[in-house]
Amino acid sequence: MTLIQIEHVSKNYEMGGETIQALDDISLEIDHGEFVAIMGPSGSGKSTLMNIIGCLDIADHGDYVLDGMAINQMKDAQLAEIRNRKIGFVFQSFNLLPRLNAYENVELPLIYRGMSKKEREPLVMKALEAVDLVERRRHLPSELSGGQQQRVAIARTLAGDPAIILADEPTGALDSKTGVEILEIFKSLNEQGRTVVLITHDLAIAQQAKRVVYFRDGRLSKVG
Ligand code: ADP
Ligand code: ADP
């Protein structure tokens with residue numbers, strides 16, 4: 001079943017009177033339950049595509065349908081709503097709040113959703129279990145290793161039960177051994193049925209995904 005359908009999408013940036021074509025007629029379909037890596041060198045358009053998939057930005061041309069919804073037609077408020085409900089972002093920098101412990105960082109998006117403490121607790125604990133961090137839930141980010149901080153960030157994403165996990169260079173700030181551990185978490189989440197889209201410039205990382213999409217100069221050069 002198709003989750004993401006991108007058809008003939010283009011995106012330009014204007015910079016100092018010059019037009020930069022960041023995405024040039026991209027078409028891509030991703031099914032529910034897939035684990036896809038979007039791979040390409042720096043400047044090839046990966047982040048631009050991620051922003052469009054994540055409903056942070058809208059294409060100039062072409063169509064994007066996410067879970068049956070025509071995203072191109074939506075206003076900013078609707079996009080924000082879809083983002084909150086459907087998309088789980090994981091970034092290179094973990095973006096945790098330094099004064100909140102691991103539990104509270106995971107809990108925060110659920111507070112924003114208006115859930116009661118009673119509703120939140122089982123979701124937070126389940127998410128912490130999925131990344132094996134229950135024992136460390138009272139630790140502040142500064143008391144955790146980089147890999148553990150990224151696991152908190154993944155748990156925060158999971159707690160919201162997203163339709164899709166969008167991870168942009170999630171291992172970029174980690175040593176390679178820790179990076180492998182983080183990838184193992186994405187793999188196991190995918191095995192449990194989560195759709196994962198991983199953006200990376202690192203071939204060794206990309207090859208861990210079930211499907212790799214190669215990007216070059218704003219175009220897909222090969223869909224493997
Ligand atoms: P990647 O994520 O693969 O490094 P990007 O999507 O960030 O690629 O960038 C694709 C192209 O668009 C690059 O040439 C980049 O310089 C340009 N670009 C990206 N964002 C902007 C922006 N906000 N303004 C102008 N140019 C941009
Ligand atoms: P008990 O004292 O009953 O053994 P704990 O003190 O170990 O229980 O934790 C009880 C529960 O409190 C945890 O399972 C966790 O879900 C929840 N909890 C609620 N708020 C926080 C928080 N801010 N930091 C850590 N755990 C929290």
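The values are calculated or read from the model by the stated rules, or taken from the named source; none is laboratory data. Everything numeric in this text was worked out from a predicted model, so none of it was measured. Reconstructed Cβ throughout: ideal geometry from the backbone, glycine too, with neighbour counts over all protein chains shown. These accessible areas exclude ligands, DNA and RNA; they are computed on the full protein's heavy atoms, side chains included. Shrake-Rupley method; radii C 1.70, N 1.55, O 1.52, S 1.80 Å.
For the range 39-77, give me each residue that is among the β-branched types (Val, Ile, Thr) and either at pLDDT below 95 or open to solvent by 10 Å² or more (accessible area, probe 1.4 Å) (or both). Within the range 39-77, Thr48, Ile58, Val65 meet the criteria. When every residue of the range 160-167 is checked against the conditions, at least one turns out to be within 16 Å of ligand 1 (Cβ to nearest atom) and either within 13 Å of Ala130 (Cβ to Cβ) or open to solvent by less than 20 Å² (accessible area, probe 1.4 Å) (or both). Pairing each residue of the range 73-88 that is over 25 Å from Gln150 (Cα atoms) with any residue that is in a helix (DSSP H, G or I), provided the two are 6+ apart or on different chains, yields no C-beta distance under 6 Å. Evaluate the range 85-107: report whether one residue or more is in a helix (DSSP H, G or I) and open to solvent by 80 Å² or more (accessible area, probe 1.4 Å). Yes, the range 85-107 has at least one match. Considering Ala37, Ala22, the condition of being within 16 Å of ligand 1 (Cβ to nearest atom), under 30 Å from Met125 (Cα atoms), assigned to a strand (DSSP E or B) and not β-branched (Val, Ile, Thr) is satisfied by Ala37 alone. Taking the range 7-19 as the range and being more than 21 Å from Ile164 (Cα to Cα) and in a strand (DSSP E or B) as the test, the residues that pass are His8, Ser10, Lys11, Asn12, Tyr13, Glu14, Met15, Glu18, Thr19.
Checked against (1) within 25 Å of Leu3 (Cβ to Cβ); (2) not in a loop (DSSP other than H, G, I, E, B), Gln208 meets all criteria but (2).
Within the range 171-224, being β-branched (Val, Ile, Thr), surrounded by 15 or more Cβ atoms within 10 Å (Cβ to Cβ) and more than 16 Å from ligand 1 (Cβ to nearest atom) holds for Thr178, Val180, Ile182, Ile185, Thr195, Val196. Scanning the range 114-140 for residues that are more than 11 Å from ligand 2 (Cβ to nearest atom), surrounded by fewer than 19 Cβ atoms within 10 Å (Cβ to Cβ) and of a type outside the set (Ser, Thr, Tyr) gives Gly114, Met115, Glu119, Asp132. Whenever a residue of the range 185-203 is farther than 15 Å from Glu169 by Cβ, it has no partner that is among the aromatic types (Phe, Trp, Tyr) and open to solvent by 60 Å² or more (accessible area, probe 1.4 Å) lying with C-beta atoms less than 7 angstrom away and at least six residues away or across chains. For the range 38-60, the count of residues that are more than 24 Å from Phe186 (Cβ to Cβ) and in contact (Cβ under 8 Å) with a residue 24 or more places away in the chain is at least one.
Applying the condition of being surrounded by fewer than 21 Cβ atoms within 10 Å (Cβ to Cβ) and closer than 30 Å to Glu191 by Cα to the range 1-19 and asking which residue is farthest from ligand 1 (Cβ to nearest atom) yields Met1.
Here is a check on your reading of the model: is Ile82 surrounded by fewer than 19 Cβ atoms within 10 Å (Cβ to Cβ), assigned to a helix (DSSP H, G or I) and under 19 Å from the mean Cα position of the chain (by Cα)? So Ile82 fits the description; yes.
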